[in-house]
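Computed from the coordinates by the stated procedures, all read-outs in this text should not be read as laboratory data. None of these values were measured; they are calculated from a predicted model. Glycine also receives a Cβ, built like all others from the backbone with ideal geometry; neighbour counts cover every protein chain displayed.
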Amino acid sequence: MLYTFGFVIWQSHLSKHGITAPSVWKVEFFSAAFCYFVLVVTFAIPGALLFARFTGSKRGFFADSSTISMTVLLCVFAFIVGRVDALFFRNTGEKETINRALFCLLIVAFVHGLIWLIFLKKKPDLRISKFFSHSSWLPLYLLGLSFVSLILSEKVNGQFLISTIILYSTATNVSGLSLGFNLDWKILPAPVKLLLGAGVCIVFFEHARSFGENQFSTIPQSVGGGEPQEALLVFEPAHADLPLLLGMKQVPKRSIPTTSLSSNTFYGPVYILMHSEKEIAFLLTNNVSVLSNIVPATVIRSDALQAIRFVHP
C-alpha cells in the first residue's frame, strides 16, 4: 500500500512537469508515502475526533471520542501542529506578517482575560461567564498560535490543509457511516460494501494525488518530500555543446568555492526533480516561487554529466 501511495504522489508531482516516475524507484516511493501519512495523521485524526465530538456520531472508528477531554485534545493538536510546521515547512513565511498576526491574537487573548477578570469573575453563574471561563479557551489560543505560522507559510497549500482536516468526514459520508445515512454495515450486501469501499479508496487516492500535485514539491527531501534541489552541473567534454543547446547559463568561476572541480565549467543553477542512474530531470528557472507550478522539465542522460554540485546541502 505504501508503494502504491508513493507512486501516486511522485507521479502526480512529476507529471505536471511533463515527466513520469521510474517504476522501480522504491525508496523514494516509500519515503513519499511516509511523509504523506505523517501529515494525514497529524491533521486528519484531530479533525476526525473534533468532527465525531461535535456531531455526536455513534458510528465509525472515532465514535467514542466523547470520552476525550476537549482541552487535552486541543493541547495535543497545538503541539503536533507546531512540530510539523518546524519539521516539514521550517516556519517559512513573511516574518512581519506572521508577527503581526501573532500580536493580534495575543491582544484578543488579553482582552478576553481582562473582560473575564473585571466584569465576569464576580458573577460566575451567568451563562456568559461560563462561556468566557471555559477551560477550552487556553488550548484554543495555543492552537491558534500554532496555526498562524502554518497558514501564513508560503510553503503550505491551503487546499490540501483543509481537505486533510475534513478527510475523515468526507470518507464517512462516502462510506455511509455518517449521520446522514442510516446504514448498518454488517447487513449490507457484498456488492454495496464493494461500491462504498471503492468510494472511500477513491477519496484517499484523490487526496494523495492532490498532495503530490500541490504540496509535495514544497517539503524538503530530507524528510521525504519532493522539493527540487538547487545545483550546478559540470558536463562531460563529449557533451560540451549540450548546455548551449539547452540555453543554460555559465556560472562565473569567482562565485564557485575552490575545489578540485574549480577548473571545470559550471552551468546553472538548475533545480533537480529526480536523479537516477540513467537520467536526471531538472528545471531551468531562476524563479523559485514557480517551482511548484506547471513548469516543463528538462531530462538528460546521467552519463552526460561529469559532476553535480548542490548549492544547499
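How would you rank 20, 164, 298, going from fewest to most other Cβ atoms within 10 Å of each one's own Cβ?
20, 298, 164
Sort the following peptides by mean Cβ neighbour count (other Cβ atoms within 10 Å, averaged over residues), highest first: 153-163, 139-149.
Sorting 153-163, 139-149 by mean packing, highest first, produces 139-149, 153-163.
Figure the gain on full extension for residue 72 and residue 41 (residue separation times 0.36 nm, minus the Cα-Cα span) and round it to one decimal in nm.
Extra length available between residue 72 and residue 41 comes to 9.5 nm.
Based on the mean of other Cβ atoms within 10 Å per residue, sort peptides 198-207, 227-236, 108-117 so the most packed one is first.
Packing order, densest peptide first, comes out as 227-236, 198-207, 108-117.
State the extension gain, in nm to one decimal, for the chain segment bounded by residue 236 and residue 79, taking 0.36 nm per residue of separation less the distance between their alpha-carbons.
51.5 nm
Quick check on packing: order 81-90, 210-219 by the mean number of other C-beta atoms within 10 Å, highest mean leading.
In descending order of packing, they fall as 210-219, 81-90.
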